[in-house]
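Chemist: The structure follows.
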Amino acid sequence: MTPMEWIALAEQGFELFMKIRNSAKSAGVTDEQLDAITLDYDQRIARRQADADVRGSDDH
Amino acid sequence: MPTRRSLAPILAALFLFAACATTQVQKARIVSVDVHAVLAAVDDAEMTLCNKQPDNTCKSSVPAWTTEKHVEFSKHLVTALKAGRALNEGVKAVPITGQTKADLTAVSAELEAVTGLVKDILPPNSTVVIALTAAKDAVLRLLPLFLEGA
């Protein structure tokens, strides 16, 4: 499966990924682009953490 | 006293070393971009499958994909996403540390764990299964590149 096929599966990550991946080969990945990825990770972790904690909060 | 001629090989070696280090750092950074893309694909695919309701339960098109499965999936994905984020921060530093390499291995382990969760529940043509297959394939391709090159 090609990177294009991977990203076709991701709606929210698509735009960010394309933007960075396209420039990565030619100009390299900058610190600012890595920061944008970290920010996206933060949002995804917060969303998933909330879902992962559902059972834990029910148990208490 | 060193002459200009005697300094030339040393300078050439230094430039070559700097160029190689830059290439390795860029390679590691592209690996991080790829890891983020595959984890985002898995994350989004499962969220779509869950079809979360206002009461935080899943109403999936696959009845066996219950809220409990979603919670278990989320626990593993939180670990994978945290490892991905740590890796992404790690590739900013030079040289790449052993911890950053371990983060990529952790992503791989969590992808295996969530694959176990979906096994025998989701059909092979499920978007989540396809995304997971693609993600594992990507990480397998990236691991040797990252471990050797960075």
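Chemist: Considering every residue within the range B:48-66, establish whether at least one is touching a residue at least 60 places away in the same chain (Cβ under 8 Å) and either facing chain A (nearest Cβ under 9 Å) or of a type in the set (F, W, Y) (or both).
Modeler: The answer is yes; a qualifying residue exists.
Chemist: Residue check: is B:K59 surrounded by fewer than 19 Cβ atoms within 10 Å (Cβ to Cβ), out of contact with any Pro (no Cβ under 6 Å at 6 or more places or on another chain) and closer than 22 Å to A:L39 by Cβ?
Modeler: Spelling it out, it is not the case that B:K59 is surrounded by fewer than 19 Cβ atoms within 10 Å (Cβ to Cβ), out of contact with any Pro (no Cβ under 6 Å at 6 or more places or on another chain) and closer than 22 Å to A:L39 by Cβ.
Chemist: Does any residue of the range B:66-86 turn out to be small (G, A, S), at pLDDT 90 or above and in a loop (DSSP other than H, G, I, E, B)?
Modeler: Taking the range B:66-86 as the starting set, the residues that turn out to be small (G, A, S) are B:74, B:80, B:83-84, B:86.
Still in the list and also at pLDDT 90 or above: B:74, B:80, B:83-84, B:86.
Among the residues that remain, those that are also in a loop (DSSP other than H, G, I, E, B) are: none.
Within the range B:66-86, none of the residues are small (G, A, S), at pLDDT 90 or above and in a loop (DSSP other than H, G, I, E, B).
Chemist: If you check B:L111, B:L122, B:L104, which single one turns out to be over 23 Å from B:K69 (Cα atoms) and either over 12 Å from the mean Cα position of the chain (by Cα) or modelled with pLDDT of 85 or more (or both)?
Modeler: Just a single option satisfies the conditions, and that option is B:L104.
Chemist: Let me ask something else about it. Taking the range B:28-65, which residues are touching a strand residue (DSSP E or B) at 6+ places or on another chain (Cβ under 7 Å) and either of a type in the set (V, I, T) or part of a loop (DSSP other than H, G, I, E, B) (or both)?
Modeler: Those that are touching a strand residue (DSSP E or B) at 6+ places or on another chain (Cβ under 7 Å) and either of a type in the set (V, I, T) or part of a loop (DSSP other than H, G, I, E, B) (or both): B:N51, B:W65.
Chemist: If you don't mind, there's one more thing I want to ask. Do the conditions hold for A:A24, that is, is it surrounded by 14 or more Cβ atoms within 10 Å (Cβ to Cβ) and modelled with pLDDT under 90? Outline the logic, then answer.
Modeler: Numbers: surrounded by 14 or more Cβ atoms within 10 Å (Cβ to Cβ): yes; modelled with pLDDT under 90: yes.
Against the criterion (surrounded by 14 or more Cβ atoms within 10 Å (Cβ to Cβ) and modelled with pLDDT under 90), A:A24 qualifies.
Chemist: Residues to consider are B:V91, B:V129; find the one that is out of contact with any Gly (no Cβ under 6 Å at 6 or more places or on another chain) and under 14 Å from B:V42 (Cα atoms).
Modeler: B:V129
Chemist: With respect to the numbered conditions (1) in contact with a helix residue (DSSP H, G or I) (Cβ under 6 Å, 6 or more places away or on another chain); (2) in contact (Cβ under 8 Å) with a residue 12 or more places away in the chain; (3) surrounded by fewer than 23 Cβ atoms within 10 Å (Cβ to Cβ), which one is the sole condition not fulfilled by B:K75?
Modeler: (2)
The values are calculated or read from the model by the stated rules, or taken from the named source; none is laboratory data. Quick caveat: nothing in here was measured; it's all calculated off a predicted structure. Note that each Cβ is placed from the backbone with ideal geometry, even for glycine, and that neighbours are counted across all protein chains shown.
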